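The values are calculated or read from the model by the stated rules, or taken from the named source; none is laboratory data. Since the structure is predicted, the reported quantities are computational estimates derived from the model, not experimental observations. Quick reminder, even Gly has a Cβ in these numbers, built from the backbone with ideal geometry, and neighbours come from all protein chains shown. Areas reflect the complete protein model, heavy atoms only, side chains present, ligands, DNA and RNA absent. Shrake-Rupley method; radii C 1.70, N 1.55, O 1.52, S 1.80 Å.
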Amino acid sequence: MSDQFVIPFSIKELLNDSARYLVPMYQRNYAWGEGEINQLVQDVSDYQTKGTGDQTYYIGTLVVYKRSDGSFEVIDGQQRFTTLSLLATCLKRSGLKSAASVDMTWFDQANIDFESRANSKDTFTALAQGVEVHNLRSEKYNESIVNGYELLEKALKDLGNKLADFCTYLFSRVQITRVIVPPDTDLNHYFEVMNSRGEQLEKHEVIKARLMSVLNDIEGEQEKAKSIDTLNKVWESTANMERYIQYGFNPQERQQLFKKDDWGGFEATDFDDLTERLGRAAKAEKTTRGATTEKSLHDILKAPIAAEIAGDDGSASASARFTSVINFSNFLLHVLRVYTQEDVPLDDKQLIDQFDIRLLKSDNKIERVQEFTYALLKCKYLFDQYVIKREYAEGTDSWSLKRLRWYSSKSVSYINAFDEGEDGYAGINRRVLMLLSAFHVSTPTLVYKHWLNGALHHLYQQQSVDADEYLAALEGLAHSFVFGRFLAEGDGQDYFDMIYGAEPVDVPVALPVAKMRYGSVQNNFVFNFLDYLLWLRDKGGDDVVRQFEFSFRSSVEHFYPQHPMDGHAKMGDDALHDFGNLCLISHSKNSRLSNFQPSAKQEHFQPNIVQKKIDSLKLYKMLELLKVTNQWGAGEVVSHGAEMLNLLQEAGRREKRT
């Protein structure tokens, strides 16, 4: 393709381009949510802080078709382009104090347009004109674009005093490549090719090849072959994060690695022992195969076909039943950090660099690669046995904390990781599950899951996993995150230091209420940890509390609204933004309910409460108080807020005592 068709643009050049970019009707509507938006901002921020600030970060491609009128029809990249246009619009009209030093005089209005979607165009126009977001909640405007704007505003606010440097880097050093398809391109064929094109080699596959290359330097041919075979088997068995590790190996290997006639233990003690066990399994399999080949033709033909082809692993159904909280590339970084106990960044953008630094360029790299291989298998086993998954069964889905249990060659099942006989909502298995899910929904992105690293670090150090000790470690981790970072004075402690350091976290004599007001809560885990404490306190006497399950709720909602509907008085800022007037709900519900009075919200949530369901236990307690007082004013805000602060404070003191 000629250079005239491939042009790199800085983000500023793209957004300031005089050309008109048109999103055609056949493209799907704007669909980016919190995960994608936060990831985009985080990626740019990471690259901006990682280097000297003058390196270029390539954000991808924008594929377009030039129409006869000179406008560009956007074929691929419209989600990213729309988000960048929203981001510039947000900065242009933003009331953020940190945005005051950001020069946006170059940006007039978005140069992206939407074919046959008047509400999308009108939404951009209204935002550019400064119309308040709460006035855009109607069918006249595009709800997804409004939500995207709000999420971007929050993400930019979270950058704090780093915003100006972030914007300078984003607009000048981040590049996107505009690709114009030739005029004679058959667009239908182009889409077909795009949808069927192969994936490029993933980073974790590059890492595997490099680790193999290191082991290829082993001098003894037999030892070399065994080591490479071990690495390959471990890698292939762990790469599927949806499948329990036992199903990555054949029956003979399972018996050697995960306790004979059990599958619930981890037997290998190091890489050499692991290699030896796999060797014994290979001999056993060869013997079994030899016995099979000795069958007569009559016996083979007589055997049921299903038994011959089905095997006993059930791995396909297992993969469909469970979904993981993390992908393999990011999991590798967790293992690398657990193995090295070094401050490895938990972001797969740095995967190759980190393996180069920690393993591939080390003086004793063969030994390090072998030790990492063992650590990878052990960590995946621990992850499968003792970290939550999402389980889909019988038409429903829920959080699951289960391990694989072997009963016989024909009977294998998933049982609770702890308290095998435990059922329902009581017991230590449920308590661990609740805390792990509280952590996860607070960090829904695949990167920077420090809670997961803390869990794996604890599990990896244990000779055998004890439920009480594991729960105590998780509650200690929650305590450290809340009181050592999110509610600490200043920036708080570093995650790595809290997980791997020995110093206990001090609980403040009084919680910093300024960090708990609207717009100042650093992390949603503060709300989710509080919900966990409410669940612990009240689950014995209330079915709504007992059956509560954590879900992905990312929006901090004012119970008494910031912008009441006509006829209702405004609440003073002191009470309005107080922690006692805040709760966590899903962003979509916040969009629909944000301007409603507490009594209307109560009516909205009541049908769910009847079914023993609620978004947040803090919200549930607010609704319960509203039932008693029949009103929600400053007095109720102060009363509820004091109860919640006392619960948090007491939890911190109790943890410190233990």
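Across segment 58-63, rounded Karplus estimates of 3J(HN,Hα) from the backbone phi angles (6.51 cos²θ - 1.76 cosθ + 1.60, θ = phi - 60°) give 8, 8, x, 10, 10, 8 Hz, Gly and Pro being marked x.
A crude spin-label estimate for the pair SER18 and PHE552, with each label 7 Å from Cα along the Cβ direction, gives 4.3 nm. Over segment 123-168, the pair-distance histogram of Cα-Cα distances with 10 Å bins from zero comes to 25, 43, 27, 5 percent, rounded to whole numbers. What a 1.4 Å probe finds exposed on segment 315-421 is 43% carbon and sulfur by accessible area, rounded to a whole percent.
Each residue of segment 360-377 was assigned a 3J(HN,Hα) from its phi angle through the Karplus curve 6.51 cos²θ - 1.76 cosθ + 1.60 (θ = phi - 60°); the sequence is 6, 10, 7, 5, 10, 5, 5, 4, 5, 5, 5, 5, 5, 4, 4, 4, 4, 5 Hz, with glycine and proline shown as x. Among the trypsin sites (Lys or Arg not before Pro) within segment 62-150, those in coil by DSSP and having at most 11 neighbouring Cβ atoms inside 10 Å are LYS140. The antiparallel fraction among DSSP beta bridges confined to the chain stands at about 70%.
Using 0.36 nm per residue and subtracting the Cα-Cα separation, the extra length available between GLU221 and GLU132 on full extension is 24.9 nm. A DSSP coil position with no more than 12 other Cβ atoms inside 10 Å describes the following GluC sites (Glu not before Pro) in segment 348-447: GLU394, GLU420. Each 5 Å bin from zero up to the one holding the largest Cα-Cα distance in segment 32-94 carries the following percent of pairs: 4, 14, 17, 22, 20, 13, 6, 3, 1. Taking other residues whose beta carbon is less than 15 angstrom from the beta carbon of GLN129, and scoring Lys, Arg as +1 and Asp, Glu as -1, yields +1.
Here, segment 61-142 has an Rg and a Dmax of 14.2, 44 Å when only alpha carbons are counted.
Shape class for segment 486-618: oblate, because the ratio a/c of the largest to smallest gyration tensor axis (alpha-carbon atoms, square roots of eigenvalues) is 1.5 or more and b/c is at least a/b. Within the shell defined by Cβ-Cβ distances under 14 Å, the residues around PRO24 carry a net charge of +1, with Lys and Arg each +1 and Asp and Glu each -1. Decide, for the chain, between rounded, prolate and oblate: order the square roots of the alpha carbon gyration tensor eigenvalues as a ≥ b ≥ c, take rounded if a/c falls under 1.5, and otherwise choose prolate if a/b is larger than b/c, else oblate. Oblate, because a/c is 1.5 or more while a/b does not exceed b/c.
Partners of LYS612 within straight-line reach, counting lysines whose Cα lies under 29 Å from its Cα and excluding those fewer than 8 residues away in the same chain: LYS389, LYS402, LYS539, LYS589, LYS601, LYS621, LYS627. Under the simplified labelling scheme, the TYR58-LYS613 pair shows an inter-label distance of 4.6 nm, with each label point 7 Å from Cα along Cα→Cβ. Restriction of the GluC sites (Glu not before Pro) in segment 20-86 to DSSP coil positions whose beta-carbon has at most 12 other beta-carbons within 10 angstrom yields no sites. Here the Karplus curve 6.51 cos²θ - 1.76 cosθ + 1.60, taken at θ = phi - 60°, turns the phi angles of segment 513-528 into couplings of 4, 5, 8, 10, 7, 4, x, 10, 5, 6, 8, 5, 4, 4, 5, 6 Hz, with x standing for Gly and Pro.
In this simple spin-label approximation, ILE415 and HIS563 carry label points 7 Å from Cα along the Cα→Cβ vector, and these lie 5.6 nm apart.
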